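Where a number appears in this text, it was derived from the coordinates with a stated rule and is not lab data. The structure presented is a predicted model; accordingly, all values stated were derived computationally and were not measured. Cβ placement follows ideal geometry from the backbone for every residue including glycine, while neighbour counts extend to all protein chains displayed.
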Amino acid sequence: MILGVGVDIVSVKRIEGLINRFGERFLKKVLPEGYEYCLEKRKGEFCGCIAARFALKEATVKALSQAGYRVGIKDVSVKGGGRELSVAVRNLPSQLKLLYSISHEREYAVAVVNVIEHQSRP
């Protein structure tokens with residue numbers, strides 16, 4: 001059963017401006033769990049990669065809020081990328097599961113998250 005849905009869209013140019021203005025200080029605040037995967041991306045995709053992960057954090061907060069859980073962006077960690085992308089939420093009840101997808105292109109990054117109730121089979 002779907003308990004909550006969250007979506008977020010982020011301007012890559014906005015994130016690029018924040019990175020240019022605040023540098024590593026901004027990156028450590030937004031992605032304290034690490035941004036190494038984004039550093040390994042092809043040249044020119046770094047800001048889009050960061051923007052997509054920021055959108056994923058925001059969409060996760062929105063989805064969990066809709067499901068009745070109070071979490072902040074600092075409670076959400078995003079690691080890896082591609083098929084190894086993972087989202088962890090501090091104190092997430094074990095019966096909940098997150099289904100998510102992110103994407104970015106030149107101007108925008110987007111993320112969608114569904115919170116589902118994970119039911120064990122008898």
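Worth pointing out:
- A helix-only calculation puts the chain at -10500 deg cm²/dmol for mean residue ellipticity at 222 nm, using -39500 (n - 2.57) for each DSSP H run of at least four residues, averaged over all residues.
- Unit charges on C-beta of K, R, D, E only; dipole of the chain, Debye: 200
- Taking a straight Cα-Cα cut-off under 25 Å and skipping sequence neighbours fewer than 8 places away in the same chain, the lysines within cross-link reach of Lys29 are Lys13, Lys41, Lys43, Lys57, Lys62, Lys74, Lys79.
- Farthest towards the positive end of the charge dipole of the chain, among the residues Tyr35, Thr60, Gly4, is the Cα of Tyr35, using unit charges on the Cβ of Lys, Arg, Asp and Glu.
- Working from label points 7 Å from Cα in the Cα-to-Cβ sense, the Val5 to Glu40 distance is 3.3 nm.
- Working note: Cα gyration tensor of the chain, eigenvalues times five, square-rooted, sorted largest first, giving semi-axes of 27, 14, 13 Å.
- With both labels modelled 7 Å from their Cα along Cα-to-Cβ, the Gln95 to His118 distance reads 1.4 nm.
- Positive minus negative residues near Ser101 (Lys, Arg vs Asp, Glu; Cβ under 13 Å): +1
- Note: relative contact order over segment 2-117, using C-alpha pairs below 8 Å and six or more positions apart, is 41 percent.
- Rounded tilt (10° steps) of 46-66 against the dominant C-alpha axis of the chain: 30
- Fewest-first ranking of Ser65, Ser77, using other Cβ atoms within 10 Å as the exposure measure: Ser65, Ser77
- For Arg53, Arg106, order by how many other beta-carbon atoms lie within 10 Å, fewest first: Arg106, Arg53
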